[in-house]
Amino acid sequence: MRGESVFAFARRRFLRHRLAVAGAVCLAVLAAAAAAAPLAAAALGTDPEMADLLGRFAPPSPEHPLGTDDLGRDVLVRLLYGGRISLFVGLVAAVCAAALGTVVGLIAGYRGGWLDAFLMRFTDGVIALPALPLLIVLAAVDLSKLGLPAGLVASEDISLYRIVAIVAAVGWTTVARLVRASTLALRARPFVLAAQAQGAGPLRIMVVHILPNLASSIVVATTLAAGNIILLESVLSFLGLGIQPPIPSWGNLLTNAQELVWSAPMLAVWPGLLIFVTVVSFNFVGDGLQDALDPRALERHT
Amino acid sequence: MTRFLLQRLVQSAIVILVMSFVVYGLLGLMPGDPIDVMITADPNMTPADAARLREIYGLDRPILERYATWLGAALQGDFGFSRLRAQPVIDVLVPALGNTTILLGAAFALSLALGLAAGVTAAARPYSRLDYAINFAAFAGISIPPFWLALLLIIVFAVILGVLPAGGMGTVGSHGLWDSLSYLVLPVASLTIASVGAHTRYVRAAMIDTLRQDFIRTARAKGLSGRRVVLGHALRHAMIPVVTIAALDFGYVFSGAMITETIFAYPGMGRLIYDAVMGNDYNLALVALLFATALTLAGNLLADIAYVALDPRISFRSLER
């Protein structure tokens, strides 16, 4: 083990975690498949919106490897395009949530006092609330009443921005608590005191001295949160409040499937299976990263 | 104890008050207003009629003033009228609250019991094959999309096997207990599977932590059987964090219930909120959301009480702030 860098050590520990490696491979394959969606569509000579009303509910065939849906659209191509949206929205929302949580946690932990008390009570409050009912109200808000430009509100992509904002608005709490607790511990450490003595301002200390020490725990928390956030996005889209058709997402592909469950049950199986595999992979990878990056986990295994 | 309860009740009241204002504001931002709904229902209405109605109902007044009016009525027990159900809001809410309590209570108890059994089994031999398998299953349970799970259960048990109903509360004309129970099986099962994974992991982590402590070594040294040590000594200690986390998860479980109720057409609070928001039933949506919040806060309070009951070192005084 001599002469091994921190990263090599973490990589070795991560690779020992078989489920985490399997999860990472799954995510890579899913991301590559989603990225290649236009290629698959071109190869099959179709696109995600091309309907064929004479070929509805077609069984799997060489032209349609997973068959067709209620409008005769190719299921595989729609799944791949849905994956582009679901994975992208999930990742962006997870990063936004982590950024928000980091800012709140850093300020609360470093500033302390009444600001800390206020921010943490607020965090507790957000955690305690029933999230989904609130999200449904948030998702139903008419954005033009908030004074957003009409062109933006009417655009097709608005449901993407909206879902990222909404999911980030409830997803930041775990990271905020974690960052705050670590910041509190780091604040009293000699290297921070030394920086203060040299006249560094609070912003510099938080960003340059404290944040790098938190990087690994933030990465772990974000990975674990990404799974939850993808779940949340799919639930909202399933309920018709997230990503709006015609943009396909794994969640809204299931919306129709519920009504068709008696005639075409397989339509309900595929999108959910992909969500499941993605979320499980994120959780395994997060768990593996935790073991690899968290020094406290060392003694747990030995 | 009284002081603690009083403090928490005041805190909860403040949270609910703040929530009521936030939700009131958000509902005001939803597309359309009650008069727009009337306009779609009555094509003969002129813009002048609409403006007059807005004045009569006070919708032209500033939001703070309207909120104060609503709050004043609500504090006197008048929660208004539900547009969708054409009944006073409170008459719609009470039965829904009862249904949700049955669903949540059954699923929560079942999930905690299964989670305890699986978690204790896994922790008894950490990093064994069995532990590995339980961990894997728990992760799978946590990661499964709850609405997809519900759909799969419907496909298997209602569509393919045809042994259980796909949704609703009871067969028309049948009032048997068994009939009502059969409608509960799939919703309870899907909620239980959705939360048992998390419970298993909490129990496992807490048990592994506990089994490493000195008092366990002492108990073993005294010559107690492994079973006695695990079930009699360690479990009680491990229950403290488990109960706390499980009860704090209440908001999360409620969200799960909302999905389950929507898919199985189960007439509980979750479904009610969804229908109210989708159907522009502002009065119902607002009060139902506040009830859901109150329910969650009550769950959190129960967590703290259980915490004190389980751990003799903690008193209510130490929880006061």
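The values are calculated or read from the model by the stated rules, or taken from the named source; none is laboratory data. The structure presented is a predicted model; accordingly, all values stated were derived computationally and were not measured. So basically every Cβ, Gly included, is an ideal-geometry build from the backbone, and we count neighbours across all protein chains shown.
Can you tell me which residue in region B:209-251 is nearest to B:Gly197 (Cα to Cα), limited to those that are assigned to a loop (DSSP other than H, G, I, E, B) and polar (S, T, N, Q)?
Among them, the one singled out is B:Gln213.
You will find that of B:Asp179, B:Asp275, B:Asp249, the residue that is of a type in the set (D, E, K, R) and surrounded by fewer than 17 Cβ atoms within 10 Å (Cβ to Cβ) is B:Asp179 and no other.
Inspect all residues belonging to region B:51-59 and state whether any of them is over 19 Å from B:Ala285 (Cβ atoms), outside the structural domain of B:Ala292 (by TED's automatic domain parsing) and touching a residue at least 12 places away in the same chain (Cβ under 8 Å). Yes: one or more hits.
Restricted to helices (runs of 4 or more DSSP H) entirely inside region B:255-321, those with at least 3 residues that are within 9 Å of another protein chain (Cβ to nearest Cβ) are B:269-278, B:282-310.
Among the residues of region A:107-116, is there at least one that is within 14 Å of another protein chain (Cβ to nearest Cβ) and either out of contact with any His (no Cβ under 6 Å at 6 or more places or on another chain) or modelled with pLDDT of 80 or more (or both)? Scanning region A:107-116 turns up at least one residue that is within 14 Å of another protein chain (Cβ to nearest Cβ) and either out of contact with any His (no Cβ under 6 Å at 6 or more places or on another chain) or modelled with pLDDT of 80 or more (or both). The one condition from (1) assigned to a loop (DSSP other than H, G, I, E, B); (2) of a type outside the set (Lys, Arg); (3) within 14 Å of chain B (Cβ to nearest Cβ) that A:Ile243 does not meet is (3).
Scanning region B:196-238 for residues that are farther than 28 Å from B:Gly256 by Cβ and in contact with a Ser or Thr (Cβ under 7 Å, 6 or more places away or on another chain) gives B:Ile216, B:Ala234, B:His237. Cβ-Cβ under 7 Å, sequence separation 6+ or interchain: first residue in region B:221-237 and farther than 20 Å from B:Arg313 by Cα, partner of a type outside the set (D, E, K, R) and modelled with pLDDT of 80 or more. Which pairs? Note: pairs meeting the criteria are B:Val229/B:Ile216; B:Val229/B:Ala219; B:Val230/B:Val120; B:Val230/B:Ala124. Considering (1) within 25 Å of A:Ile229 (Cβ to Cβ); (2) within 14 Å of another protein chain (Cβ to nearest Cβ), say which one B:Ile134 fails and leave the rest. B:Ile134 satisfies every listed condition except (1).
Scanning region B:140-166 for residues that are among the aromatic types (Phe, Trp, Tyr) and either without any contact (Cβ under 8 Å) to a residue 12 or more places away in the chain or surrounded by fewer than 22 Cβ atoms within 10 Å (Cβ to Cβ) (or both) returns B:Trp148, B:Phe157. How many residues are surrounded by 18 or more Cβ atoms within 10 Å (Cβ to Cβ) and in contact (Cβ under 8 Å) with a residue 24 or more places away in the chain if we restrict to region A:253-273? So the count comes out to 5.
There is no residue in region A:177-200 that is in a helix (DSSP H, G or I), of a type in the set (A, V, I, L, M, F, W, C) and within 26 Å of B:Asp275 (Cβ to Cβ).
Just one of the listed residues (B:Val89, B:Val37, B:Val94, B:Val120) is in contact with a Phe, Trp or Tyr (Cβ under 8 Å, 6 or more places away or on another chain), hydrophobic (A, V, I, L, M, F, W, C) and either in contact (Cβ under 8 Å) with a residue 12 or more places away in the chain or more than 14 Å from chain A (Cβ to nearest Cβ) (or both), namely B:Val89. Would you say A:Ser234 is touching a residue at least 24 places away in the same chain (Cβ under 8 Å), in contact with a Phe, Trp or Tyr (Cβ under 6 Å, 6 or more places away or on another chain) and farther than 23 Å from A:Gly125 by Cα? It is true that A:Ser234 is touching a residue at least 24 places away in the same chain (Cβ under 8 Å), in contact with a Phe, Trp or Tyr (Cβ under 6 Å, 6 or more places away or on another chain) and farther than 23 Å from A:Gly125 by Cα.
The condition of being small (Gly, Ala, Ser) and within 14 Å of chain A (Cβ to nearest Cβ) holds for only one of B:Ser190, B:Ser180, that being B:Ser190. As for region B:122-137, it holds at least one residue that is crowded, with 21+ Cβ neighbours inside 10 Å and more than 26 Å from the chain's Cα centre (by Cα).
Scan region A:101-144 for residues that are outside any helix (DSSP H, G or I) and more than 15 Å from A:Ala169 (Cβ to Cβ) and report the count. Walk me through it before giving the result.
Pass one, region A:101-144, residues outside any helix (DSSP H, G or I): A:112, A:129-130, A:141-142.
With the extra rule that they be more than 15 Å from A:Ala169 (Cβ to Cβ), the set shrinks to A:112, A:142.
Here the count works out to 2.
Do we have B:Val159 as among the β-branched types (Val, Ile, Thr), within 14 Å of chain A (Cβ to nearest Cβ) and closer than 19 Å to A:Gln258 by Cα here?
Values: among the β-branched types (Val, Ile, Thr): yes; within 14 Å of chain A (Cβ to nearest Cβ): yes; closer than 19 Å to A:Gln258 by Cα: yes.
In short, yes.
Could you tell me whether A:Gly288 is part of a helix (DSSP H, G or I), modelled with pLDDT of 85 or more and within 10 Å of chain B (Cβ to nearest Cβ)? No: the conditions fail for A:Gly288.
If a residue must be closer than 26 Å to A:Arg162 by Cβ and crowded, with 18+ Cβ neighbours inside 10 Å, how many such residues does region A:63-91 contain?
We begin by selecting, within region A:63-91, every residue closer than 26 Å to A:Arg162 by Cβ; these are A:69, A:71, A:73, A:77-91.
With the extra rule that they be crowded, with 18+ Cβ neighbours inside 10 Å, the set shrinks to A:69, A:73, A:77-87, A:89-90.
The qualifying residues number 15.
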